[in-house]
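Below: one structure, written as structure tokens.
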Amino acid sequence: MQYAIGHFVRFKQANGNTLAFQNFYIRAGITRSNYLHSFMPFGFSGVTVNIKGDNVDAALTFPNNDLSRGWASQATLESWVATVEVCSVNPSDSTSQQLLHTYTGVVASGGWDETSINLRLNSVLDAVNSDVPNRTLHQRLVGRLPASSYVRF
């Protein structure tokens, strides 16, 4: 039995609609996570994290054609949410996929050259650059506060 790596990507548009693509089964639509994923050749770079943990970026690369340019520029302008599922797939059985990793990010920027369109995805939750809900310490969480600085062991 032979296995390979395939990617399934879903873009949630601002109006609530979803675009879904997969990059492994040529000329086939594959249903995964209740969405029909059409074939489109694309690459997924994975996640890059620096030592501080503040850069959790990934990149998607699509072919540069009229079809891709239309929705890719809209995805960048409207900050669509993209979910990428990295799966182990069976080349001879399109119904056999095992999820290895899921990444969800917001399309933060994009650009294209003669042959490709590149979309940069930022993490939906970036603890350094985004607003993370603050946590307030109170007695239920930490217990009674000491009345003096004297600590006895």
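Looking across region 86-114, the residues that are within 27 Å of Asn64 (Cβ to Cβ) and outside any strand (DSSP E or B) come down to Asp113, Glu114. Checked against (1) in a strand (DSSP E or B); (2) within 13 Å of Pro91 (Cβ to Cβ), Leu19 passes all but a single condition, namely (2).
Quick one: in region 25-55, which of the residues that are aliphatic (A, V, I, L, M) and at pLDDT 90 or above is surrounded by the most Cβ atoms within 10 Å (Cβ to Cβ)?
Going through the qualifying residues, I end up with Ile30.
Which one is modelled with the highest pLDDT, of the residues in region 115-153 that are farther than 30 Å from Arg69 by Cα and touching a Lys or Arg at 6+ places or on another chain (Cβ under 9 Å)? If we take residues in region 115-153 being farther than 30 Å from Arg69 by Cα and touching a Lys or Arg at 6+ places or on another chain (Cβ under 9 Å), then Leu141 is modelled with the highest pLDDT. Candidates in region 86-97 are the residues that are of a type in the set (Ser, Thr, Tyr) and modelled with pLDDT under 90; of these, the one that is surrounded by the most Cβ atoms within 10 Å (Cβ to Cβ) is Ser94. Which of the residues spanning region 58-85 are surrounded by fewer than 19 Cβ atoms within 10 Å (Cβ to Cβ), of a type outside the set (Ser, Thr, Tyr) and part of a strand (DSSP E or B)? Within region 58-85, Ala59, Pro63, Val81 meet the criteria.
In region 96-109, is there at least one residue being out of contact with any Lys or Arg (no Cβ under 6 Å at 6 or more places or on another chain), over 16 Å from Met40 (Cβ atoms), of a type in the set (Ser, Thr, Tyr) and without any contact (Cβ under 8 Å) to a residue 12 or more places away in the chain?
We begin by selecting, within region 96-109, every residue out of contact with any Lys or Arg (no Cβ under 6 Å at 6 or more places or on another chain); these are 96-107.
So of that shortlist, the ones also over 16 Å from Met40 (Cβ atoms) come out as 96-106.
When the remaining residues are screened for being of a type in the set (Ser, Thr, Tyr), the result is 96, 102-104.
This time we only want the ones that are without any contact (Cβ under 8 Å) to a residue 12 or more places away in the chain, so: 96.
Yes, some residue in region 96-109 is out of contact with any Lys or Arg (no Cβ under 6 Å at 6 or more places or on another chain), over 16 Å from Met40 (Cβ atoms), of a type in the set (Ser, Thr, Tyr) and without any contact (Cβ under 8 Å) to a residue 12 or more places away in the chain.
The values are calculated or read from the model by the stated rules, or taken from the named source; none is laboratory data. Since this is a predicted model, take the numbers as computed values, not measurements. FYI the Cβ positions are ideal-geometry reconstructions off the backbone, even for glycines, and counts take in every protein chain you see.
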